[in-house]
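A.B. asks: Quick one: structure below, then a few questions.
The values are calculated or read from the model by the stated rules, or taken from the named source; none is laboratory data. Treat the numbers as computed from the prediction; the structure is a model and nothing was measured. Here Cβ is always computed from backbone atoms with ideal geometry, including for glycine, and neighbour counts include all displayed protein chains. Protein only, heavy atoms only, side chains kept; ligands, DNA and RNA dropped before computing areas. Shrake-Rupley method; radii C 1.70, N 1.55, O 1.52, S 1.80 Å.
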Amino acid sequence: QVQLVESGGGLVQAGGSLRLSCGASGTIFSINDRGWYRQAPGKQRDLVAIITPDGSTKYADSAKGRFIISTDNPKKVYLQMNSLKPEDTATYYCTFSDLSTHSNYWGQGTQVTVSS
C-alpha cells in the first residue's frame, strides 16, 4: 500500500518562505510525474507544480518565479516556496503517479497559512 506524507506547512508572514516535503512509502512500480496541488477553502484543487521523471518541471502561473519543485530521491519531492502571499494560503497536497498501474496517489495534505 502506497502512502504519501507531507510535512513543512505552517504559518508564515507575507514575504516569507516555507519548504514542503513529501515522502512515499510502499511500492510504486514505475514512478511517473510527481507534483504538488493546493486547495483553498471553497475552491477546487489546483496544480501548483509538477516534476517529470527526466527532471522537467511545470508550474502554475501563480507559482512561477516564486516556487521551486525538486527531488533528490524517486520517493521524495519538495516544494520551496518563496515570497509567499496571503493568496497562497491553502492545504497543499503532494501526488505521485504510477505509470505501470495508472494510479495516482495523494498525501493527506499540509496546511500553509500566509498572514498579511
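A.B. asks: Filter the strands (runs of 3 or more DSSP E) completely within the range 11-115 down to those with at least 1 residues that are over 24 Å from Gln1 (Cβ atoms).
C.D. replies: 18-25, 31-39, 45-51, 57-59, 67-70, 76-81, 90-98, 110-115
A.B. asks: Now a separate question. I'm trying to understand the selection: among the residues of the range 73-92, which are modelled with pLDDT of 95 or more and open to solvent by 10 Å² or more (accessible area, probe 1.4 Å)?
C.D. replies: Lys76, Tyr78, Gln80, Asn82, Ser83, Lys85, Pro86, Glu87, Thr89, Thr91
A.B. asks: Are any residues in the range 93-116 open to solvent by less than 20 Å² (accessible area, probe 1.4 Å), closer than 23 Å to Ala40 by Cβ and over 11 Å from the mean Cα position of the chain (by Cα), and if so, which ones?
C.D. replies: Hits for the range 93-116 are Val112, Val114.
A.B. asks: While we're on this one: Looking only at the range 59-72, how many residues end up being surrounded by fewer than 17 Cβ atoms within 10 Å (Cβ to Cβ), of a type outside the set (Lys, Arg) and farther than 14 Å from Ser21 by Cα? Outline the logic, then answer.
C.D. replies: First, pick out the residues of the range 59-72 that are surrounded by fewer than 17 Cβ atoms within 10 Å (Cβ to Cβ): 60-62, 64-66, 68, 70-72.
From the residues that got through so far, the ones that are of a type outside the set (Lys, Arg) too are 60-62, 65, 68, 70-72.
Those still in the list that are farther than 14 Å from Ser21 by Cα too: 60-62, 65.
Residues meeting the conditions: 4.
A.B. asks: Further question on the same structure: Can you tell me how many residues in the range 39-58 are open to solvent by 40 Å² or more (accessible area, probe 1.4 Å) and touching a Lys or Arg at 6+ places or on another chain (Cβ under 9 Å)?
C.D. replies: 5
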